[in-house]
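Visitor: The structure follows.
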Amino acid sequence: MKQLPVRARKAGRSGVFQAPNRLTFADAADVAAKLSPDTPVHCFSPSQLRSKLATFRDGFPGDVSYAVKANDGEHVLAALAANGLAIYDVASLEEMAAVRAASPHARLHYHNPIKSRNEIATAAERFGCVRFAADDRQEIDKITAVGGETSKLEIAIRFKLPRHNASAHDFSSKFGALPEQAITLLRYVASRGAQPMLTFHPGSQCGDPGIWSRHIHAAAEIARGAGVRLAALNVGGGFPSRYVGLTPPDLSEYFATIDKAAIEAFGADFVPLLECEPGRGIIAGSTSVLARVKLVKHESREVYLNDGIYGSLMEVYQVPVITPFCRAVRAKGAVEGPMQSCTIYGPTCDPLDRLPHLYDLPADLAEGDYVEFGPLGAYGTATSTRFNGYPPAEIIEVEQVLVA
């Protein structure tokens with residue numbers, strides 16, 4: 001096994017990152033050819049991340065933040081900060097600390113609607129956080145009790161509409177007040193002296209821009225019902241990425257729909273500050289995963305890799321509609337032969353460690369070859385585990401990753 005370069009850094013939450021060096025790679029195939037890594041590798045393209053961030057910042061009609069939960073890697077946060085991103089949606093104190101390490105003066109939106117008093121107080125005192133979300137009166141009471149000077153607090157009421165079928169995840173099953181409840185809560189925030197706001201989430205991988213329009217019109221009705229002028233309206237994340245069988249509308253269609261709906265719903269002179277908080281939408285296409293083949297059972301067409309659902313591919317198992325593209329890679333030469341449908345297993349001793357779909361791979365795929373999966377910048381690192389003692393993937397910078 002060749003040693004990975006110093007540039008390779010640990011993924012996940014271990015906090016162990018090695019210093020970069022000057023080695024550069026074109027793509028995953030170049031990594032395989034030059035390094036022959038025997039452990040999984042996350043191929044990370046700063047240029048692809050920079051391009052997608054620019055798409056949001058140039059096109060969205062308001063402030064853009066990044067949902068850290070999608071990928072809290074040090075390399076990701078450092079790249080975003082280096083490109084001037086100054087607002088981050090965080091769900092925990094640990095995410096706040098990670099953001100502060102990369103961007104000491106960043107604004108933090110604590111949009112997890114459920115928080116302990118200690119978490120609220122620490123967010124305010126240690127990290128200077130003034131933005132909190134809530135979908136219940138008790139949560140508002142906690143925030144105003146321990147979150148610092150009330151007049152400086154920004155409290156965003158999270159609301160929900162009846163479930164739709166346009167997204168991969170339904171966040172309304174866990175969070176959000178119904179519109180009539182949101183009216184009461186928004187009025188309560190204003191009465192406590194905090195700055196009242198609204199927030200919603202259309203659901204992960206939402207394929208219908210019209211869902212944002214429905215929510216924005218509902219937000220205007222909630223504000224009018226409460227008799228409150230909104231300081232801001234956060235339209236959430238949910239902006240989709242392309243996967244196998246999923247080709248969503250262009251992001252420009254989402255941005256235009258949001259802008260048009262806000263003017264229609266609030267009036268051109270009364271549109272609140274619009275915010276969005278994409279995670280997957282920004283980070284997904286920046287990373288692919290290079291996994292090595294440990295064994296091929298040709299008769300049964302079963303392929304065993306050194307990465308699986310307990311590592312970088314957990315979301316593929318949890319949400320089968322989010323299916324990354326893949327290609328076979330050989331360190332020296334090309335993988336050839338007719339394509340065959342194969343069952344892919346991960347390295348653990350758990351029979352659940354199997355991808356839910358068959359993948360087409362070349363007939364002469366063999367031990368020591370590689371399979372690249374992409375895009376996996378979103379949740380490929382954040383949800384990985386150490387089950388069976390397998391280490392986290394290494395991170396290596398490349399120019400281009402597999403996105404289709």
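The values are calculated or read from the model by the stated rules, or taken from the named source; none is laboratory data. It should be emphasised that the depicted structure is a prediction, and the values quoted were computed from it without experimental measurement. As a convention, Cβ positions derive from the backbone with ideal geometry for all residues, glycine included, and neighbour counts pool all protein chains shown.
Visitor: Does segment 280-302 contain any residue that is in the same structural domain as residue 160 (by TED's automatic domain parsing) and either part of a loop (DSSP other than H, G, I, E, B) or surrounded by fewer than 24 Cβ atoms within 10 Å (Cβ to Cβ) (or both)?
Guide: So far as segment 280-302 goes, no, none of its residues is in the same structural domain as residue 160 (by TED's automatic domain parsing) and either part of a loop (DSSP other than H, G, I, E, B) or surrounded by fewer than 24 Cβ atoms within 10 Å (Cβ to Cβ) (or both).
Visitor: Continuing with the same structure: Of the residues 248, 240, which single one is surrounded by fewer than 22 Cβ atoms within 10 Å (Cβ to Cβ) and assigned to a loop (DSSP other than H, G, I, E, B)?
Guide: The conditions single out 248.
Visitor: Look at segment 316-333 and say how many of its residues are among the hydroxyl-bearing types (Ser, Thr, Tyr) and not in a loop (DSSP other than H, G, I, E, B). Full working, then the answer.
Guide: Taking segment 316-333 as the starting set, the residues that turn out to be among the hydroxyl-bearing types (Ser, Thr, Tyr) are 317, 323.
Right, trim to not in a loop (DSSP other than H, G, I, E, B) and you get 317.
So the answer is 1.
Visitor: Only one of (1) part of a helix (DSSP H, G or I); (2) surrounded by fewer than 23 Cβ atoms within 10 Å (Cβ to Cβ); (3) out of contact with any Gly (no Cβ under 8 Å at 6 or more places or on another chain) fails for residue 216. Which number is that?
Guide: (2)
Visitor: Here's another thing I want to ask about it. Would you mention how many residues in segment 334-345 are surrounded by fewer than 18 Cβ atoms within 10 Å (Cβ to Cβ), over 26 Å from residue 285 (Cβ atoms) and not polar (S, T, N, Q)?
Guide: The qualifying residues number 3.
Visitor: Need pairs with beta-carbon distance below 6 Å; first residue at positive phi and within segment 177-188, second surrounded by fewer than 21 Cβ atoms within 10 Å (Cβ to Cβ); sequence gap 6+ or separate chains.
Guide: Nothing qualifies.
Visitor: While we're looking at this one, here's another question. Which condition breaks for residue 306 when tested against (1) of a type in the set (S, T, N, Q); (2) modelled with pLDDT of 95 or more; (3) surrounded by fewer than 18 Cβ atoms within 10 Å (Cβ to Cβ)?
Guide: With respect to (1) of a type in the set (S, T, N, Q); (2) modelled with pLDDT of 95 or more; (3) surrounded by fewer than 18 Cβ atoms within 10 Å (Cβ to Cβ), residue 306 is out only on (3).
Visitor: Does residue 232 meet the test of being surrounded by fewer than 19 Cβ atoms within 10 Å (Cβ to Cβ) and among the hydrophobic types (A, V, I, L, M, F, W, C)? If you could, list the steps in order and put the result at the bottom.
Guide: Values: surrounded by fewer than 19 Cβ atoms within 10 Å (Cβ to Cβ): no; among the hydrophobic types (A, V, I, L, M, F, W, C): yes.
So residue 232 fails the test.
Visitor: Just checking, does segment 52-70 include any residue being more than 21 Å from residue 234 (Cα to Cα) and surrounded by fewer than 20 Cβ atoms within 10 Å (Cβ to Cβ)? If you could, list the steps in order and put the result at the bottom.
Guide: Just the residues of segment 52-70 that are more than 21 Å from residue 234 (Cα to Cα), to begin with: none.
No, because not a single residue in segment 52-70 is more than 21 Å from residue 234 (Cα to Cα) and surrounded by fewer than 20 Cβ atoms within 10 Å (Cβ to Cβ).
Visitor: Could you look through segment 361-398, keep only residues that are touching a Ser or Thr at 6+ places or on another chain (Cβ under 6 Å) and surrounded by fewer than 20 Cβ atoms within 10 Å (Cβ to Cβ), and pick out the one that is nearest to residue 92 (Cα to Cα)?
Guide: Among those that are touching a Ser or Thr at 6+ places or on another chain (Cβ under 6 Å) and surrounded by fewer than 20 Cβ atoms within 10 Å (Cβ to Cβ), it is 387.
Visitor: Evaluate segment 346-357: report whether one residue or more is under 18 Å from residue 296 (Cα atoms), of a type in the set (Ser, Thr, Tyr) and crowded, with 21+ Cβ neighbours inside 10 Å.
Guide: no
Visitor: Moving on. Take segment 318-333 and flag every residue that is farther than 11 Å from residue 373 by Cα and buried (at least 18 other Cβ atoms within 10 Å of the Cβ).
Guide: First pass over segment 318-333, keeping only residues farther than 11 Å from residue 373 by Cα: 318-322, 330-333.
Of everything in segment 318-333, those that are farther than 11 Å from residue 373 by Cα and buried (at least 18 other Cβ atoms within 10 Å of the Cβ) turn out to be 322, 330.
Visitor: More than 24 Å from residue 354 (Cα to Cα), touching an Asp or Glu at 6+ places or on another chain (Cβ under 7 Å), at pLDDT 95 or above and not in a loop (DSSP other than H, G, I, E, B): which single residue out of 264, 275 fits that description?
Guide: Values: 264 fails: touching an Asp or Glu at 6+ places or on another chain (Cβ under 7 Å).
Of 264, 275, the one residue that is more than 24 Å from residue 354 (Cα to Cα), touching an Asp or Glu at 6+ places or on another chain (Cβ under 7 Å), at pLDDT 95 or above and not in a loop (DSSP other than H, G, I, E, B) is 275.
Visitor: Could I ask something else about it? Return yes or no: is residue 133 within 30 Å of residue 253 (Cβ to Cβ) and aliphatic (A, V, I, L, M)? Before you say what the answer is, go through the steps one by one.
Guide: Values: within 30 Å of residue 253 (Cβ to Cβ): yes; aliphatic (A, V, I, L, M): yes.
Criteria met by residue 133.
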